[in-house]
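Worksheet: one structure, shown below.
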Amino acid sequence: MKLLNILVVESSYIIIKGLISILEGSGRYNIVEKLPNHNRANDIISENKIDLLFLNPALLDNFYEIISKNPDLKIISVISDNSKINKDLFFDNINVIDNKADVVFKLENIYKKAIENIDLENKEISKREISILRLVALGYTNKEIAVELFISPHTVITHRKHITKKLGIKTVSGLTIYAVLNNIIDLTEAK
Amino acid sequence: MEFINSHKMADIIHLNHNLLSVLYRFNISLGFGEKDVETICLENNINVDFFLEIANLFNDKEYFNEKNLQLFSAKLIVNYLLNTHDYYVSEKIPEIYKLILSLKFDTDSERNQGLIKNFFDEYKKEFQQHILREEEHIYPYVISLQKAVDTKEVSKLLLKKIKENSIETYGVEHGDIEEKLYDLKNIIIKYLPPPINGTVSNIILSKLFKLESDLNQHSRIENKVMIPVASRMEKEILFNLKLNKIKIVN
């Protein structure tokens with residue numbers, strides 16, 4: 001089972017304790033950090049691979065900055081007062097007055113929805129991606145790869161993003177090592 | 001728990017041995033006996049408050065208190081950053097490199113070893129270039145700002161730099177070396193065949209994880225402490241110039 005990395009931003013001690021015990025009980029989440037306010041939220045999100053942010057919406061005034069910097073981050077609002085918030089802004093919403101059945105059901109759904117988006121990482125790389133990886137490892141630029149394989153440079157970039165996500169390797173030198181280890185290129189071909 | 005000046009230095013290390021790397025940076029040797037933090041710092045000519053601020057930061061990530069750290073002089077902060085560079089270059093990187101050279105594999109041993117070695121060589125090179133840029137350009141600039149503030153004299157050259165290349169435009173870039181470190185971990189965890197001497201790759205990995213979190217602290221201090229401190233001095237110099245409280249010299 002894939003563990004999702006969680007950041008919790010909430011000032012209420014009771015809510016934070018409760019939320020964390022529910023999340024930890026499910027065995028599906030790794031609580032990276034819990035914060036009483038948003039001050040370090042941006043740092044933690046950029047330093048760690050955070051999948052889900054559980055957030056008291058009243059605590060985050062630089063909400064839009066966080067969204068624009070982390071388009072993939074899924075934010076779940078934890079609503080604890082009567083203030084009206086725009087629920088559509090969030091991946092999902094949990095209210096502290098929800099009963100057990102509601103919370104369990106919502107968390108189940110949140111996990112399913114989140115994992116669908118992340119599932120790409122669990123897939124093997126495709127034949128097409130291997131042919132692109134081969135050229136990357138041989139030192140071709142995106143443009144040269146596009147010409148060689150009769151596809152647009154934009155498509156090359158999309159493939160490369162997928163390759164990096166699936167393999168967990170970001171640099172060209174790293175990809176080259178992967179290609180040699182898996183006999184996609186020969187060491188004598190590599191620069 | 002927060003460390004204070006009356007704690008015994010030996011107790012602090014017992015509580016968190018990761019602080020040994022902090023001692024290295026402050027050039028403090030072991031053999032404390034029963035001496036407390038304040039005495040050890042005095043003996044070693046170290047600002048106690050600054051030492052405690054850093055030790056607490058290493059002990060508890062959540063402790064990070066940029067406002068407190070920004071109160072210290074630029075010289076103190078830059079000196080600490082320089083010592084941290086030295087810790088990486090003289091200690092950590094050679095340690096990991098030596099371990100990498102000792103990896104042995106069942107099949108294709110030479111090839112696999114060569115791949116990892118070359119990768120780490122590249123990483124080392126980029127790391128050194130990065131450090132060099134900071135040590136030759138950014139840190140001296142910050143120090144010269146401090147000097148201008150203290151002496152109330154600013155050189156024409158420095159003034160030009162403040163106006164055209166302020167500290168904010170430098171930004172502290174770590175992107176590529178961070179990515180390489182991330183890749184190296186994944187290559188060892190996921191893709192490299194297990195070496196004959198299996199424990200070596202475990203040791204390498206734990207050292208890489210430690211180095212990574214140390215580097216994160218380091219860039220946090222650069223971005224959240226050094227840059228704001230420098231930026232404040234830039235503004236102070238420009239402001240005092242308008243009030244004629246600072247002289248332009250050649």
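The values are calculated or read from the model by the stated rules, or taken from the named source; none is laboratory data. Quick caveat: nothing in here was measured; it's all calculated off a predicted structure. A quick note on method: Cβ atoms are made from the backbone with ideal geometry, for glycine too, and the neighbour counts reach across all protein chains shown.
Enumerate the pairs (first residue in segment A:131-151 and in the same structural domain as A:Lys170 (by TED's automatic domain parsing); second residue anywhere and of a type in the set (S, T, N, Q)) with beta-carbon separation below 7 Å, excluding pairs fewer than 6 apart on the same chain, so at least 6 apart or on different chains. Short answer, once both residue conditions are applied: A:Ala137/A:Thr176; A:Ala146/A:Ser152; A:Leu149/A:Ser131.
Looking at segment B:49-59, can you tell me whether even one residue there is under 30 Å from A:Thr171 (Cβ atoms), at pLDDT below 95 and not in a helix (DSSP H, G or I)? Before you say what the answer is, go through the steps one by one.
Applying the first criterion (under 30 Å from A:Thr171 (Cβ atoms)) to segment B:49-59 yields B:57-58.
If we keep only those that are at pLDDT below 95 as well, we get B:57-58.
Of the ones still in play, those that are also not in a helix (DSSP H, G or I) are none.
No, segment B:49-59 has no match at all.
Could you go through segment A:151-168 and let me know if any residue there is loosely packed, with under 15 Cβ neighbours inside 10 Å and within 26 Å of A:Leu3 (Cα to Cα).
Taking segment A:151-168 first, the residues loosely packed, with under 15 Cβ neighbours inside 10 Å are A:152-154, A:157-158, A:161.
Filter once more, keeping what is within 26 Å of A:Leu3 (Cα to Cα): A:158, A:161.
Looking for residues that are loosely packed, with under 15 Cβ neighbours inside 10 Å and within 26 Å of A:Leu3 (Cα to Cα), one finds at least one in segment A:151-168, hence yes.
Residue-wise test of (1) among the charged types (D, E, K, R); (2) outside the structural domain of B:Leu184 (by TED's automatic domain parsing); (3) modelled with pLDDT of 95 or more.
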residue: B:Val22; (1), (2), (3): no, yes, no
residue: B:Val37; (1), (2), (3): no, yes, yes
residue: B:Asn45; (1), (2), (3): no, yes, no
residue: B:Thr84; (1), (2), (3): no, no, yes
residue: B:Asn112; (1), (2), (3): no, no, no
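Residues of segment B:94-122 that are without any contact (Cβ under 8 Å) to a residue 60 or more places away in the chain, of a type outside the set (D, E, K, R) and farther than 16 Å from A:Asn183 by Cα: B:Pro94, B:Tyr97, B:Leu101, B:Asn118. Checking each residue of segment A:33-42 against the condition of being out of contact with any helix residue (DSSP H, G or I) (no Cβ under 7 Å at 6 or more places or on another chain) and in contact (Cβ under 8 Å) with a residue 12 or more places away in the chain gives at least one match.
Set side by side, the residues A:Ile44, A:Ile31 differ, and just one is closer than 23 Å to B:Asn65 by Cα and part of a strand (DSSP E or B), which is A:Ile31. If you go through segment A:12-37 and keep only what is within 14 Å of chain B (Cβ to nearest Cβ) and within 11 Å of A:Leu59 (Cβ to Cβ), you end up with A:Leu35, A:Pro36, A:Asn37.
For every residue, the table says whether it meets (1) buried (at least 18 other Cβ atoms within 10 Å of the Cβ); (2) within 14 Å of chain A (Cβ to nearest Cβ).
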position	(1), (2)
B:Asp176	no, yes
B:Asp183	yes, yes
B:Ile204	yes, no
B:Glu236	no, no
B:Asn240	no, no
B:Asn250	no, no
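In segment A:1-29, what residues are among the hydrophobic types (A, V, I, L, M, F, W, C) and surrounded by 11 or more Cβ atoms within 10 Å (Cβ to Cβ)?
Pass one, segment A:1-29, residues among the hydrophobic types (A, V, I, L, M, F, W, C): A:1, A:3-4, A:6-9, A:14-16, A:19-20, A:22-23.
Passing the criteria: A:Leu4, A:Ile6, A:Leu7, A:Val8, A:Val9, A:Ile15, A:Ile16, A:Leu19, A:Ile20, A:Ile22, A:Leu23.
Of the helices (runs of 4 or more DSSP H) that lie entirely inside segment A:72-191, those containing 3 or more residues that are within 14 Å of chain B (Cβ to nearest Cβ), among the hydrophobic types (A, V, I, L, M, F, W, C) and at negative phi span A:127-137, A:172-181.
Report yes if some residue within segment B:138-151 is touching a strand residue (DSSP E or B) at 6+ places or on another chain (Cβ under 7 Å), in the same structural domain as B:Asn216 (by TED's automatic domain parsing), not hydroxyl-bearing (Ser, Thr, Tyr) and not in a loop (DSSP other than H, G, I, E, B); otherwise report no. Yes: segment B:138-151 contains one or more residues that are touching a strand residue (DSSP E or B) at 6+ places or on another chain (Cβ under 7 Å), in the same structural domain as B:Asn216 (by TED's automatic domain parsing), not hydroxyl-bearing (Ser, Thr, Tyr) and not in a loop (DSSP other than H, G, I, E, B).
Please work out if B:Lys98 is surrounded by fewer than 16 Cβ atoms within 10 Å (Cβ to Cβ), away from chain A (no Cβ under 14 Å) and touching a strand residue (DSSP E or B) at 6+ places or on another chain (Cβ under 7 Å). So B:Lys98 fails the test. Taken as a whole, the structure leaves B:Tyr88 outside the set of residues that are on the phi < 0 side of the Ramachandran plot and within 14 Å of chain A (Cβ to nearest Cβ).
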